[in-house]
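Notes for the one structure printed next.
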2 protein chains.
Amino acid sequence: MLRGNFLSSLPDASTAERIETLSSFPGRRVAVERIVSEGQTTPPGEWYDQGWDEWVMLLKGAARIAFEETETELAENDWILIPAHRRHRVSFTAPGTVWLAIHGDRE
Amino acid sequence: MLRGNFLSSLPDASTAERIETLSSFPGRRVAVERIVSEGQTTPPGEWYDQGWDEWVMLLKGAARIAFEETETELAENDWILIPAHRRHRVSFTAPGTVWLAIHGDRE
């Protein structure tokens, strides 16, 4: 059976953000990801515009997500549901930031 | 936008386990749940036999999940993917146990 510890054996993200798929639900393309950031942000002027809902929780560290009209800060254990096509970018991550992301099925 | 802190405003689970749906992915019946346990377990002799995969992570506390052939202990931040139709029961929870559960789409 697939298992692990979310905060153990973290990949080295010193040169780039690291994304691992921990599990996926077959046939549905819903995926559970662990994302490790060491200060990386979305490049200025770039936005994510995803065709699916994304549920994210910050397990460790700190981060800010910018939307077109507002910016929100996430502390440890804060979660947020980002609806499909809500344009957003990661505007700040602290060193050692670890996220859980659940991507809904694509349209 | 839907948001919250996973470990804040916990419901009182002193008399029964409390399950809240935090988010769901419309049309897909994939749901993200928070479960608070205060020592509750699955009644002896009862088993869960679910028609969908379930991904669970222990955010706080401690727990044991029994399968037919083995029993596994979960510490904080441990996660496990329980495949559909893998019979299991919760054989132990510590007071103040908080789980994240992601239920895949039903068959």
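Nothing in this text is a laboratory measurement; each read-out follows from the coordinates by a stated rule. Quick caveat: nothing in here was measured; it's all calculated off a predicted structure. Please note: Cβ atoms are built from the backbone with ideal geometry, for glycine as well, and neighbour counts cover all protein chains shown.
Within the shell of other residues whose beta carbon sits under 14 angstrom from the beta carbon of B:Ala62, the net charge comes to -3, with Lys and Arg scored +1 and Asp and Glu -1.
Dividing the convex hull volume of the alpha carbon atoms of the protein assembly as shown by its residue count gives 120 Å³ per residue. Placing unit charges on the Cβ atoms of the charged side chains and taking the dipole of chain B about its Cα centre, the candidate lying farthest along the positive direction among B:Thr70, B:Thr42, B:Trp55 is B:Trp55. Cβ crowding within 10 Å, taken as a proxy for footprinting-reagent exposure, orders B:Thr42, A:Thr70 from fewest neighbours to most as A:Thr70, B:Thr42.
Taken along the Cα-to-beta-carbon direction at a fixed 7 Å, the label points for B:Glu73 and A:Tyr48 span 3.6 nm.
Charged neighbours of B:Val36, selected by a Cβ distance under 13 Å, balance to -2 (K, R count +1; D, E count -1). All other residues whose Cβ lies under 15 angstrom from that of A:Gly45 are scored, Lys and Arg at +1 and Asp and Glu at -1, for a net of -1.
Annotation for the range A:30-102 versus the range B:1-75: alpha-carbon center distance of 24 Å.
Per residue, the convex hull spanned by the Cα atoms of chain A measures out at 99 cubic angstrom. Of the trypsin sites (Lys or Arg not before Pro) in the range A:1-52, which ones lie in a loop per DSSP and count no more than 14 other C-beta atoms within 10 Å? Sparse-neighbourhood loop trypsin sites (Lys or Arg not before Pro): A:Arg29.
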